[in-house]
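Contents: one structure, followed by commentary.
Values quoted throughout were computed directly from the atomic coordinates according to the rules given, and no laboratory measurement underlies them. The shown structure was predicted, so the numbers you read here are calculated from the model rather than taken from an experiment. Because the Cβ atoms are built from the backbone with ideal geometry, glycine has one as well, and the counts that use them run over all protein chains shown.
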Amino acid sequence: MVRSNVSRLGRLASRTLQGRMAGANFSTRFLLPQNARAKFTPATPVSRAPFSTTSRTAKPLTPAQLKTAKPAELADQEYHELSDTYLDHLLTHLEERQDTSDDIDVEYSSGVMNIKTKNGVYVINKQPPNKQIWLSSPLTGPKRYDYVVVSEDQSSKQDTAVGAWVYLRDGTSLTELLQKEIDVEIDPYGLAD
């Protein structure tokens with residue numbers, strides 16, 4: 001089963017359950033007396049949309065963030081998980097586009113992704129010794145992307161840090177560049193699915 005079909009089935013199942021739960025809450029509301037309803041009301045509000053259906057687009061680093069931006073200190077396993085996840089989602093989106101149009105051709109073999117477009121060939125590959133993803137673009141040339149975590153300090157809320165593959169010289173993310181040059185919108189970690 002294709003990955004996109006699995007996520008669609010998950011969303012469909014979630015919507016079905018939400019509809020049934022909403023119907024159950026509505027029907028018991030009128031069947032129970034006022035004082036009994038309070039006993040069955042959950043202490044915390046139940047969200048009608050437990051999963052977000054909107055994609056989170058990464059914003060470019062601000063000049064202040066760029067001055068202090070440093071590559072995240074990743075263990076080898078973390079690097080491979082992050083880079084593999086990113087490249088897998090990118091490959092999925094590119095293959096879907098390849099199936100529907102003739103303006104793109106993608107090949108992925110031995111950790112090297114070749115994307116053939118009308119502008120030329122893009123080459124994307126992992127560089128494990130440097131813990132980077134490298135890109136060779138026919139329009140903007142070679143770039144080396146480091147994984148950067150933004151807003152993970154004492155003043156930030158816990159677990160709100162945002163990470164992205166960022167070219168530290170100009171603060172652009174790999175996702176932004178691919179969207180601009182290849183016109184492919186991706187959700188690098190499947191957050192919108």
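Just add up the charged neighbours of residue 108: K/R +1, D/E -1, any other residue whose Cβ is under 13 Å from the Cβ of residue 108. Here the charged neighbours net out to -3. In units of the compact-protein estimate 2.2 N^0.38 Å, the range 63-182 shows a Cα radius of gyration of 1.12.
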